[in-house]
Amino acid sequence: MNIIGKKSWFIPEREATPEDLFWNRRKVLAGMAGGLAAGAALPLAGAGRAWAEETDPSAHLYPAKRNEAFTLDRPITDERYPANYNNFYEFGTYKEIAKKAQALPIRPWTVTIDGLVAKEQTIDIDDLLAKMPLEERLYRHRCVETWSMAVPWTGFPLAELVKLAEPTADAKHVRFETFLNLEVAPGQRQGWYPWPYVEGLTMAEATNDLAFLVTGVYGKPLPKQFGAPLRLALPWKYGFKSIKSLVKISFVKERPVGMWEAIQASEYGFWANVNPEVPHPRWSQAQETLLGGDVRPTLLYNGYAEQVAGLYKGMESEKLFM
Ligand SMILES: Nc1nc2c(c(=O)[nH]1)N[C@H]1C(S)=C(S)[C@@H](COP(=O)(O)O)O[C@H]1N2
Ligand SMILES: [Mo]
């Protein structure tokens, strides 16, 4: 294996110790304060908001009604943190990609549903939004790097899209694919990553009520750095499963191989369920640092065991927690 290539994709994950998070956070906030003091550019979150509130043709759909069934055990994370601290490798392997991500054109945008379905279709994002029952849910999010957040996502159950797709009986998995656009995404010019970003779920996972297709956050259309115009939120799994900026959803027989699994299968598996007792090969998963600074013990299935543990009955021999 090419040692230079290997190193460069290892570093970002290894860097993300709580200390690193602290430094990044200080840098982000210092940068924002500096920008304001100088009377220059708006903070990065503002860049996302300018698109979201003024240009996005779906803006009138927000805020959507909150589904009170989804509650948190911690405060909602201040929007400034997740708006300025992102994993979106298409735009770089560091966290401050929010500004770069504004180059992603999100209209027109289509999502193709194909594979083992009654009828393959390509849907315009605004037609899809008009069809789907949008609601707000408060979810925890736990990155495999040990940072976490609690955010009000807006979107619709993935199960609703499965219904729309009408998969055949042969469909056992769902495969998700992000856009591929080397012109706007500098990270995709780094040829050693197997772009585009891909992820996968079993049909049982995809139709679990927690699996959520996200179109907005903080009561507004999704800013680009969060994975606009359509991303997954799978709150019981490590964050890398929650794939951003989807262009294709395929119903397939075989288990899809995600991008991280393709890069390093000994560290990033298919299931990737959160478990504080199963360390990553290079760090502990026992605790997490919330964006904003609080350190908390990590919970089994990120606190969603009641909803999802049943999905994994009889699979004890599989690597469910990496
Ligand atoms: N296409 C794509 N999706 C992605 C990623 C990525 O790099 N590219 N990063 C993943 C990881 S590791 C995490 S933790 C979350 C981060 O989402 P956030 O930036 O909105 O917090 O997005 C996930 N989805
Ligand atoms: Mo992550």
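On the given criteria, is Ile243 in contact (Cβ under 8 Å) with a residue 60 or more places away in the chain and within 17 Å of the chain's Cα centre (by Cα)? It is true that Ile243 is in contact (Cβ under 8 Å) with a residue 60 or more places away in the chain and within 17 Å of the chain's Cα centre (by Cα). Those strands (runs of 3 or more DSSP E) of the stretch 189-307 in which at least 3 residues are within 15 Å of ligand 1 (Cβ to nearest atom) and β-branched (Val, Ile, Thr), considering only elements entirely within it, cover 212-217. Of the numbered conditions (1) under 19 Å from Asn86 (Cα atoms); (2) among the acidic types (Asp, Glu); (3) surrounded by fewer than 21 Cβ atoms within 10 Å (Cβ to Cβ), Glu199 satisfies every one except a single condition; which is it? Glu199 satisfies all of (1) under 19 Å from Asn86 (Cα atoms); (2) among the acidic types (Asp, Glu); (3) surrounded by fewer than 21 Cβ atoms within 10 Å (Cβ to Cβ) except (3).
Among the residues making up the stretch 161-185, those that are in contact (Cβ under 8 Å) with a residue 60 or more places away in the chain and basic (Lys, Arg) are Lys172, Arg175.
Only a single item in (1) more than 12 Å from ligand 1 (Cβ to nearest atom); (2) closer than 26 Å to Ile249 by Cβ is not met by Ile76, and it is number (2). Kindly indicate the residue of the stretch 85-116 that is in a helix (DSSP H, G or I) and surrounded by 18 or more Cβ atoms within 10 Å (Cβ to Cβ) and also nearest to ligand 2 (Cβ to nearest atom) among those meeting that condition. It comes out as Tyr89. Of the residues in the stretch 37-84, how many are outside any loop (DSSP other than H, G, I, E, B), crowded, with 18+ Cβ neighbours inside 10 Å and at pLDDT 95 or above? Number satisfying all stated conditions: 1. Confirm whether Lys119 is in contact with a Leu (Cβ under 6 Å, 6 or more places away or on another chain), surrounded by fewer than 22 Cβ atoms within 10 Å (Cβ to Cβ) and modelled with pLDDT of 95 or more. So Lys119 fails the test.
Only residues that are in contact (Cβ under 8 Å) with a residue 60 or more places away in the chain, surrounded by 12 or more Cβ atoms within 10 Å (Cβ to Cβ) and among the β-branched types (Val, Ile, Thr) were counted in the stretch 265-320, giving 4.
The values are calculated or read from the model by the stated rules, or taken from the named source; none is laboratory data. Computed from a prediction, not measured in an experiment: that's the story for all the values here. Methodologically, a virtual Cβ is constructed for each residue, glycine included, from the backbone with ideal geometry; neighbour enumeration extends over all protein chains shown.
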